[in-house]
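Comments concern the structure below.
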Amino acid sequence: MQLPELARALERAAQALGAGDELEVRLERPKDVGHGDLATNLAMLIAGRLGRVPRELAEELLGALDLPALHIEHAEVAGPGFLNFRISRDYLRDQLREICRADQDYGRSSWGVGHLFNVEFVSANPTGPLHVGHGRGAAVGDAIARLLEFTGHKVQREFYVNDAGAQIDKLIDSVHARYRQLQGHEESIPEGGYHGVYVTELASQLRAEQSNRLDGEWGSPERQLVRRYTLQRMQDEQREDMRAFRVEFDEFRTESSVYESGQIEATLAELQARGLIYQREGAQWLRTTTFGDDKDRVLVKSDGSCTYFLPDIAYHRDKAQRGFEVAIDVWGADHHGYVPRMKAAMDALGLGRDFFEAVIVQLVRVERSGEEVKFSKRAGEFVTLTDLIEEVGTDVTRYFFLERGPQQQMVFDLDLAKERSEKNPVYKVQYAHARLRSVYRRGGIDPTQIELDIDLSPLVQPEALELTKTLLDFPDTVAAAARSREPHRVTAYLDGLANQLNSWYHMGTRNHALRVLGQEEHVTKARLVLARAAEVVVRNGLWLLGIEAPERM
RNA sequence: GCGCCCGUAGCUCAAUCGGACAGAGCACUGGGCUUCGGACCCAGGGGUUGGGGGUUCGAAUCCUCCCGGGCGCGCCA
């Protein structure tokens, strides 16, 4: 909750006391309701600079404020020098109308100028189905994209397809081995190959469709055929998996297209022109140490082929050339060591240190009955994202992935995920929404027609006012989540909101005079405005997470 | 060995760029209730925030040193 006029007035008052120009007045909502609705530590911040006692300064700041004009009905100095403000109840209640009017736009903001972001996530090798780790990356990436869109930016969701690497060759070898087995030959999956059942399925389908061409030895043309077929199949399946998870990409960019476009050479030439490439032991190195990396990196190996790093630089350079101002990559924790060199490379290209950002997502451990459910791609038994979605649903899966900070290692508790009660936080939040919708239905009310220009003074219960204040925190929460690339702040907010909302609602089950419906008309009307505002916030919050706000459950 | 991330209630996790008394859920204990949706409600116990030291009016948060865990340290991808 913010009161910009109050913040500005405090800033002017502080400057008048000689605190200087570089002030950022922050008003925060105290955890303890006894400390008022908003508080600031401004006096303590400037006390050191001015060599004064914080509490005295706080008194002077307070004296400089025209409280009624700022919608403050009470203010005091407290503790070591906090200024606590109590906002006029009428002003608070007025804000409920604004929430309802803004409806699906409530919580939107436009910090910054509306930048163009590229958010790249999942980017799995096209060598098999997506697993739970990809799911977490997808949930986080998509939520970050939604947060950025909601805060005034333009966002492209992108998936990078590593279709040119050695992993594909291993997959083709594995398919070949399975194919031979189907023909009755003794054959085993090569070292480092893929054992999943889908490999056998691929081989079997290929045999059914192309046996006239593939039953003999596989030369170059045959391998090309299998490669194209396999890549297409894997990409289609991954795209379908993502669609089921409610994630739609704007762009699938392939590594091979980076090679074909000539950008590899162009990138290398640009780095050379900048004098950042040198030869050593027959290889070409990039001076990443100049830009904070701990060692220089090879771009072109002594055998003339390039490392994985070079096309990756070229690809990210291309993002800048396509007009993106910030490129955010969501990476698994196993790639975190790669971050400094990529930042260094972008810096080397003159794109600055802030062009490239990595969001590191920690690994997921799945448990059932307290036991880890193993997933090992190599052994061929792994929990695919699709398995997980089929078992617990997209909403639950997304919520669980977005419940913890990206850097937090997480345990995915399958038993809790399958729980269909308020023990399960997802249901708690969705249920809060469904309840409000249910109130409208029961009352025969069209929620879009709820009257707003009415007297809201019947909203006097502390629970109702606390709820109102929480609703007013939503835009700040969203902005902070977007800025820090931490969608879990929204999840945590919704969890707290749902608790408040549910207990507000339950007051009515204990005391019917506190229900929305069945009161004197002016009371019901006022409570409907609060209910509507709450519904708007829950709905918008869930939208940011990519989770449905159900009409009924 | 070096680097990054993490360590918060028995368990899984929060904690508003350093704020006031560290919060939820699960589990546990004790009450209550039959629905404006009971797919429950209320209350309670539970913590030296891994440990020591430091900075600060104030530290879970910042610095430092230990302990414990994860990941990474190729002319692999």
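The values are calculated or read from the model by the stated rules, or taken from the named source; none is laboratory data. Remember, predicted model here, so these are calculated numbers, not experimental data. Heads up, the Cβs are rebuilt from the backbone with ideal geometry, glycines too, and the neighbour counts pull from every protein chain shown. Side chains included, ligands, DNA and RNA excluded: accessible areas come from the protein's heavy atoms. Shrake-Rupley method; radii C 1.70, N 1.55, O 1.52, S 1.80 Å.
Key figures
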{"read-out": "Per residue solvent-accessible surface (Å²) - segment A:381-426, probe of 1.4 Å", "value": "45 Å²"}
{"read-out": "For chain A: rounded, prolate or oblate by the Cα gyration tensor [a/c cutoff 1.5]", "value": "oblate"}
{"read-out": "Whole-Hz ³J(HN,Hα) from phi, Karplus 6.51 cos²θ - 1.76 cosθ + 1.60, for segment A:541-547, glycine and proline x", "value": "x, 5, 4, 4, 8, x, 10"}
{"read-out": "Student exercise, chain A dipole from Lys, Arg, Asp, Glu Cβ charges, in Debye to nearest 20", "value": "360 debye"}
{"read-out": "Rg(Cα)/(2.2 N^0.38 Å) for segment A:4-87, N = residue count", "value": "0.98"}
{"read-out": "Sequence of A:Ser257, A:Ser110 from largest to smallest accessible area, 1.4 Å probe", "value": "A:Ser110, A:Ser257"}
{"read-out": "For segment A:421-545, projected area of the alpha-carbon convex hull averaged over all directions, nm²", "value": "7.8 nm²"}
{"read-out": "Per-residue HN-Hα couplings for segment A:226-242 [Karplus 6.51, -1.76, 1.60; θ = phi - 60°; Hz; x = Gly/Pro]", "value": "5, 4, 4, 4, 5, 4, 4, 4, 5, 5, 4, 5, 5, 5, 5, 4, 5"}
{"read-out": "Percent accessible area from carbon and sulfur atoms, chain A, protein chains only, probe 1.4 Å", "value": "47 percent"}
{"read-out": "Estimated 222 nm signal from helices in chain A, with DSSP H stretches of n ≥ 4 weighted -39500 (n - 2.57), rounded to 500", "value": "-16000 deg cm²/dmol"}
{"read-out": "Amide proton proximity set for A:Glu120, modelled H, under 5 Å, gap of 5+", "value": "A:Glu158, A:Ile328, A:Asp329, A:Val330"}
{"read-out": "Highest average packing first - A:344-357, A:487-500, Cβ atoms within 10 Å", "value": "A:487-500, A:344-357"}
{"read-out": "Accessible area per residue in Å² at 1.4 Å probe, computed on segment A:166-244", "value": "54 Å²"}
{"read-out": "Ranked order, A:Ser302, A:Ser88, A:Ser174 - accessible area, probe 1.4 Å, largest first", "value": "A:Ser302, A:Ser88, A:Ser174"}
{"read-out": "Dmax and Rg, reported as Rg then Dmax, of segment A:148-230 (C-alpha, Å)", "value": "17.4, 60"}
{"read-out": "Exposure ranking of A:Lys423, A:Lys525 by accessible area [1.4 Å probe, largest first]", "value": "A:Lys423, A:Lys525"}
{"read-out": "Percent RCO, i.e. relative contact order, over segment A:4-87, from Cα pairs under 8 Å lying at least 6 residues apart", "value": "30 percent"}
{"read-out": "Probe 1.4 Å, protein heavy atoms only - accessible area per residue of segment A:4-87 in square angstrom", "value": "54 Å²"}
{"read-out": "Over 31 Å (Cα to Cα) - which of A:Lys31/A:Lys154; A:Lys343/A:Lys469; A:Lys31/A:Lys428 fall in this group", "value": "A:Lys31/A:Lys154; A:Lys343/A:Lys469"}
{"read-out": "Nearest-20 debye value, segment A:166-244 charge dipole, Cβ charges on Lys, Arg, Asp, Glu", "value": "220 debye"}
{"read-out": "Dipole magnitude of segment A:4-87 about its Cα centre (Cβ charges: Lys, Arg +1; Asp, Glu -1), debye to nearest 20", "value": "180 debye"}
{"read-out": "Table column - 3J(HN,Hα) (Hz), segment A:41-51, Karplus curve with 6.51, -1.76, 1.60, x for Gly and Pro", "value": "9, 3, 4, 6, 5, 8, 4, x, 4, 8, x"}
{"read-out": "Positive dipole terminus of chain A, leading residue within A:Leu459, A:Gly352, A:Gln235 (C-beta point charges)", "value": "A:Leu459"}
{"read-out": "Three-way shape label, segment A:315-445, alpha-carbon gyration tensor, a/c 1.5", "value": "oblate"}
{"read-out": "Candidates per trypsin sites (Lys or Arg not before Pro) in segment A:1-46, loop by DSSP, up to 10 other Cβ within 10 Å", "value": "A:Lys31"}
{"read-out": "Per-selection metrics, segment A:94-223 (Cα): Rg and Dmax in Å", "value": "23.6, 78"}
{"read-out": "Listed peptides A:514-521, A:398-405 by packing density, highest first (mean Cβ within 10 Å)", "value": "A:398-405, A:514-521"}
{"read-out": "Order by protection proxy (mean Cβ within 10 Å, highest first), peptides A:470-478, A:504-512", "value": "A:470-478, A:504-512"}
{"read-out": "Rounded, prolate or oblate (a/c below 1.5 giving rounded, otherwise prolate when a/b exceeds b/c) for segment A:208-355 by Cα gyration tensor", "value": "oblate"}
{"read-out": "Sparse-neighbourhood loop sites, GluC sites (Glu not before Pro) in segment A:204-262 - DSSP loop, at most 14 other Cβ within 10 angstrom", "value": "A:Glu217, A:Glu248"}
{"read-out": "Rel. contact order, % - alpha carbon contacts under 8 angstrom, at least six apart, chain A", "value": "17 percent"}
